[in-house]
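Worksheet: the structure to be examined is printed underneath.
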Amino acid sequence: MGRADARRERQGNARRAKPSKRTSKQDKSFIRRLFSWKKILGAFLGVCLLGILAFIGLYLYVQIPQKGNLDASKQANVFKYTDGKVIARGGTVNRETVGLAHIPLKVQRTFIAAENKTFYHDSGVDLWGTARGILNTLMGRGKQGGSTITQQYVKNYYLSDEQTVSRKLQEIIISLKVDDKLSKDQILEGYINTSYYGRGAYGIQAAAQAYYRKDADKLSVSQGAYLASLLQAPSQYDWQAATPTGKKLVQNRWAYALDNMVEMHWLSPQERAQQRFQIPKAPKPLAGVTGQKSYIIDAAKKELFAQGVDPKEFERGGWTVTLGIDPARQKALERSVKRKLTDDLDPKRRKVDADAQLGAVSVDPKTGHILAMYGGAGYPKHYTDNATREDYQAASTFKPLILASALENKSTTQDQLPITPNTIYDGHNRRPVVGGTTGFAPPNEDERSYGKISVQTATNNSVNAVFAQMGADVGLDKVKETAVKLGLNGKRMDVQPAMTLGTMGASPLQMAGAYATLDNHGIKVNPTLVVKATHGEENFPLRKPIGERVLSRDTADTVTKVLTGVVNDGTATQEVKNTAYDAAGKTGTSDDDKSAWFVGYTPKLVTAVGMFGESPQGGAQVTLKGTGGGGRVNGGTYPARVWADYTQAALEGNTAAQFDLVTDYGNEVPPTPAPTPSSTPSATPSPSGTPSQSPSQKPTPTGPPTPTGRPTGVPTGPTPSNSGFPAGGTTGGPGGDTGGNGNGAGGTTPNDSQNPNGLSGFN
């Protein structure tokens with residue numbers, strides 16, 4: 001190539017390079033025009049404006065939910081003893097909401113110091129912390145801190161733990177609105193009550209019980225600071241489960257909360273120096289509903305429902321129910337049942353021992369509160385509550401109610417003589433009742449005949465013939481009226497002659513109430529389990545355990561005086577008599593020993609003990625004979641033993657009290673005739689149905705009758721001309737296993753190899 005060609009080539013290359021230089025300058029100019037600082041500023045301001053508009057739209061669109069989420073509103077129902085200790089908690093969530101007024105002020109402030117020092121001054125949202133949380137959420141780093149107490153409350157109560165940007169934005173909007181709508185105290189109260197503290201505890205009350213076994217209002221500042229520290233990491237900071245690192249971290253956070261309180265002038269430096277980290281107690285299983293608690297809680301709920309509490313509302317939780325149950329007496333009753341009954345039972349050796357059930361109720365006659373209750377083996381071994389069941393006969397525990405009706409109605413005998421404890425009746429076995437609308441000639445216990453005896457002696461020895469006649473003298477309708485006033489269920493009471501022998505169904509609860517009314521000098525006692533029920537801050541109105549007067553004091557006190565004779569000189573003497581305290585009561589044994597009772601009382605305590613024969617297969621009523629390896633089971637055996645053992649323990653040495661009785665009957669049991677029990681029926685009674693001896697006559701005192709032996713024949717006797725039914729009769733009557741059937745005066749006496757005295761009627 002020549003020089004000329006080389007020069008032309010260089011000139012060509014230069015011409016080709018020159019347009020490229022112009023293109024680069026054009027590109028740079030275009031970029032400058034497109035991304036000028038004015039445009040960037042404008043775009044930024046536009047984005048901010050759009051953000052503000054979007055936020056305003058969200059603020060207007062997102063509303064505070066009308067109700068909190070279901071889990072946040074769930075609470076436990078808490079049942080407490082009379083001393084405040086927890087019996088049991090019910091429900092799926094262990095939470096018991098308490099008002100801020102029930103949390104000490106300095107304990108409240110530990111939560112603010114630990115979680116949100118600016119709580120009282122902020123608008124409810126920590127923007128920087130929230131922005132950091134959103135960024136971490138977008139980057140998949142999971143749950144992050146930085147939320148205010150208001151935001152955490154909103155999350156707990158209205159939202160969920162879901163980690164999404166939309167949920168976080170909802171939290172911001174609702175928190176702003178909540179902070180504007182609610183006071184800071186309302187927000188703090190909600191936060192403390194909805195937060196999770198570990199150990200299955202939601203809210204400060206459940207946490208206080210779970211970690212320190214006390215109510216929230218008893219927490220110290222140090223304990224409050226620990227609970228506040230838990231909220232950052234409940235599982236990691238639970239002292240019993242924490243690693244050494246976890247323990248160090250929670251102690252550091254505990255100190256951080258207390259130091260912040262000093263900084264905020266909520267705690268003086270001197271008080272701070274005195275604080276010591278209090279190690280929480282070991283975890284304890286939640287109080288469950290088993291054993292006796294199962295019956296007590298179920299009975300308490302039924303009592304509340306009967307007084308107007310909506311069962312559905314109750315099951316939503318949030319109720320605190322305080323019972324009158326005294327834990328010391330409850331334990332004493334359970335121990336007495338074990339010592340005096342269940343330790344004797346051996347179902348593997350004796351099939352009948354598996355049939356024995358016992359129920360008992362103990363009542364304070366002055367307050368009407370149920371102090372102790374025994375219902376059986378407990379769920380799931382035995383679902384029927386023996387303390388409240390009404391399907392077994394009350395037997396001779398009903399007889400005092402007949403006497404009470406006679407005294408209250410100023411009733412007279414067939415020949416118009418007033419009925420008093422001194423009145424003389426004919427106590428011959430199977431003596432036909434005179435003046436009744438239906439023929440009735442019940443047997444006495446063991447077919448014994450007593451001849452002419454006073455009402456006092458007839459009560460001591462539970463003479464059926466006397467009370468059958470007394471029921472007719474008073475009028476069965478009046479007897480029923482008195483019994484219903486004293487608390488028995490009138491629907492279970494047929495107005496028939498056999499009712500005088502206690503053939504109606506009754507529960508230990510009802511009998512305790514009737515006898516408590518006698519002990520309370522005739523003022524009605526409604527045995528009550530629930531003494532206080534609150535839902536949140538609202539007290540539910542309860543019925544009054546003590547009602548109006550249903551018997552005159554003279555009537556009630558006279559019956560009480562008569563019943564002291566049963567203890568001192570009657571069917572309960574062997575097991576119950578105790579010189580350390582005054583006691584009154586009555587035994588009872590039903591048809592074929594299917595139920596046995598002792599209902600007794602002292603001036604300060606009334607306890608009804610019922611024992612029932614129930615087949616484990618199907619629940620049919622069966623006899624108690626042979627239980628514990630003995631013969632008959634009557635009211636003077638196991639029921640009286642349990643009563644005596646429990647009463648001695650329950651009185652706790654306070655046994656000097658005496659009955660304060662106002663009665664014309666006097667202070668001493670009057671002397672009574674000393675008839676010799678006979679195996680043959682009495683002579684024909686007078687047409688009036690009453691003995692010829694005057695009630696005012698004073699017989700010679702010689703003590704209670706002594707049986708001469710077991711009857712061996714089928715007793716028959718002459719029929720009064722005005723009796724209205726023939727002599728003779730059959731077995732199986734309503735008065736007892738050996739009683740007449742209501743159609744005559746006769747009956748047979750089966751043989752019982754275990755009981756040389758034969759079968760009883762009612763005693």
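Residues that are assigned to a strand (DSSP E or B) and not charged (D, E, K, R): does region 186-196 have at least one? Taking every residue of region 186-196 in turn, at least one turns out to be assigned to a strand (DSSP E or B) and not charged (D, E, K, R). Restricting the first member to region 472-491 and to residues that are on the phi > 0 side of the Ramachandran plot and of a type in the set (Gly, Ala, Ser), and the second to residues that are in a loop (DSSP other than H, G, I, E, B) and surrounded by 17 or more Cβ atoms within 10 Å (Cβ to Cβ), no beta-carbon pair is closer than 6 Å while six or more apart or on different chains. For region 545-563, a residue qualifies if it is under 22 Å from Thr420 (Cβ atoms) and either without any contact (Cβ under 8 Å) to a residue 24 or more places away in the chain or surrounded by 19 or more Cβ atoms within 10 Å (Cβ to Cβ) (or both), and the qualifying residues are Val550, Leu551, Thr555, Ala556, Asp557, Thr558, Val559, Thr560, Lys561, Val562, Leu563. Keeping to region 541-562, report how many residues are of a type in the set (Gly, Ala, Ser) and in contact with a Leu (Cβ under 6 Å, 6 or more places away or on another chain). Going through region 541-562 one residue at a time, the tally reaches 1.
Counting only strands (runs of 3 or more DSSP E) that sit completely within region 332-429, those holding 1 or more residues that are among the small types (Gly, Ala, Ser), surrounded by 22 or more Cβ atoms within 10 Å (Cβ to Cβ) and modelled with pLDDT of 95 or more correspond to 356-363, 370-374.
Residues that are out of contact with any helix residue (DSSP H, G or I) (no Cβ under 7 Å at 6 or more places or on another chain) and at pLDDT 95 or above are absent from region 223-245. Just one of (1) part of a loop (DSSP other than H, G, I, E, B); (2) modelled with pLDDT under 90; (3) under 26 Å from Val361 (Cβ atoms) fails for Gly308. It is (2).
In region 606-658, how many are outside any loop (DSSP other than H, G, I, E, B), touching a strand residue (DSSP E or B) at 6+ places or on another chain (Cβ under 7 Å) and within 22 Å of Asp569 (Cα to Cα)? So the count comes out to 12. The requirement of being buried (at least 24 other Cβ atoms within 10 Å of the Cβ), in contact with a Ser or Thr (Cβ under 8 Å, 6 or more places away or on another chain), of a type in the set (Val, Ile, Thr) and over 30 Å from Val289 (Cβ atoms) is satisfied by Ile453. Residues in region 44-97 that are β-branched (Val, Ile, Thr) and assigned to a loop (DSSP other than H, G, I, E, B) were compared, and the one that is modelled with the highest pLDDT is Thr82.
Can you say whether Ser222 is under 30 Å from Val361 (Cβ atoms), crowded, with 16+ Cβ neighbours inside 10 Å and either touching a residue at least 40 places away in the same chain (Cβ under 8 Å) or touching a Lys or Arg at 6+ places or on another chain (Cβ under 9 Å) (or both), as far as the supplied structure shows? Spell out the reasoning first.
On the way: under 30 Å from Val361 (Cβ atoms): no; crowded, with 16+ Cβ neighbours inside 10 Å: yes; either touching a residue at least 40 places away in the same chain (Cβ under 8 Å) or touching a Lys or Arg at 6+ places or on another chain (Cβ under 9 Å) (or both): yes.
Taking the combined requirement at face value, the residue does not satisfy it.
Of everything in region 320-331 that is among the polar types (S, T, N, Q) and in a strand (DSSP E or B), the residue that is farthest from the chain's Cα centre (by Cα) is Thr320. For region 258-279, the condition holds for no residue, the condition being that it is among the aliphatic types (A, V, I, L, M) and under 30 Å from Ala360 (Cβ atoms). Just one of the listed residues (Gly630, Gly636) is surrounded by fewer than 19 Cβ atoms within 10 Å (Cβ to Cβ), among the small types (Gly, Ala, Ser) and modelled with pLDDT under 95, namely Gly630.
Might you let me know whether region 312-319 holds any residue that is part of a helix (DSSP H, G or I), without any contact (Cβ under 8 Å) to a residue 24 or more places away in the chain and under 9 Å from the mean Cα position of the chain (by Cα)? No, region 312-319 contains no residue that is part of a helix (DSSP H, G or I), without any contact (Cβ under 8 Å) to a residue 24 or more places away in the chain and under 9 Å from the mean Cα position of the chain (by Cα). Check region 235-242 and report whether any residue there is part of a helix (DSSP H, G or I), crowded, with 17+ Cβ neighbours inside 10 Å and aromatic (Phe, Trp, Tyr). The answer is yes, given that some residue of region 235-242 is part of a helix (DSSP H, G or I), crowded, with 17+ Cβ neighbours inside 10 Å and aromatic (Phe, Trp, Tyr).
Residue check: Asn578 meets all listed conditions (1) touching a residue at least 60 places away in the same chain (Cβ under 8 Å); (2) within 31 Å of the chain's Cα centre (by Cα) but one, namely (2).
A Cβ distance below 6 Å, combined with a sequence gap of six or more or placement on separate chains, defines the contacts here; from region 646-675, residues that are of a type in the set (Gly, Ala, Ser) reach residues that are in a loop (DSSP other than H, G, I, E, B) and at pLDDT 90 or above in the pairs Ala657/Pro603; Ala657/Lys604. Looking across region 483-492, the residues that are closer than 18 Å to Lys410 by Cα and either surrounded by 24 or more Cβ atoms within 10 Å (Cβ to Cβ) or of a type in the set (Phe, Trp, Tyr) (or both) come down to Ala483, Leu486. Summed over region 494-543, residues that are of a type in the set (D, E, K, R) and buried (at least 22 other Cβ atoms within 10 Å of the Cβ) total 1. Checking each residue in region 567-598 for being out of contact with any Leu (no Cβ under 8 Å at 6 or more places or on another chain) and part of a loop (DSSP other than H, G, I, E, B) picks out Gly570, Thr571, Ala572, Lys577, Asn578, Thr579, Ala580, Asp582, Ala583, Ser590. How about region 99-134: which of its residues are of a type in the set (A, V, I, L, M) and modelled with pLDDT of 90 or more? Leu100, Ala101, Ile103, Leu105, Val107, Ile112, Ala113, Ala114 - these are the residues of region 99-134 that are of a type in the set (A, V, I, L, M) and modelled with pLDDT of 90 or more.
On the basis of being modelled with pLDDT under 90 and not β-branched (Val, Ile, Thr), does Ala207 make the cut? No. Each residue in region 536-566 was checked for being polar (S, T, N, Q) and in a helix (DSSP H, G or I), and 4 pass.
Of the set (1) touching a Pro at 6+ places or on another chain (Cβ under 6 Å); (2) surrounded by fewer than 21 Cβ atoms within 10 Å (Cβ to Cβ); (3) among the small types (Gly, Ala, Ser), all apply to Gly610 but (2).
The values are calculated or read from the model by the stated rules, or taken from the named source; none is laboratory data. Predicted, not measured: the structure shown is a model, and the values here were computed from it. Here Cβ is always computed from backbone atoms with ideal geometry, including for glycine, and neighbour counts include all displayed protein chains.
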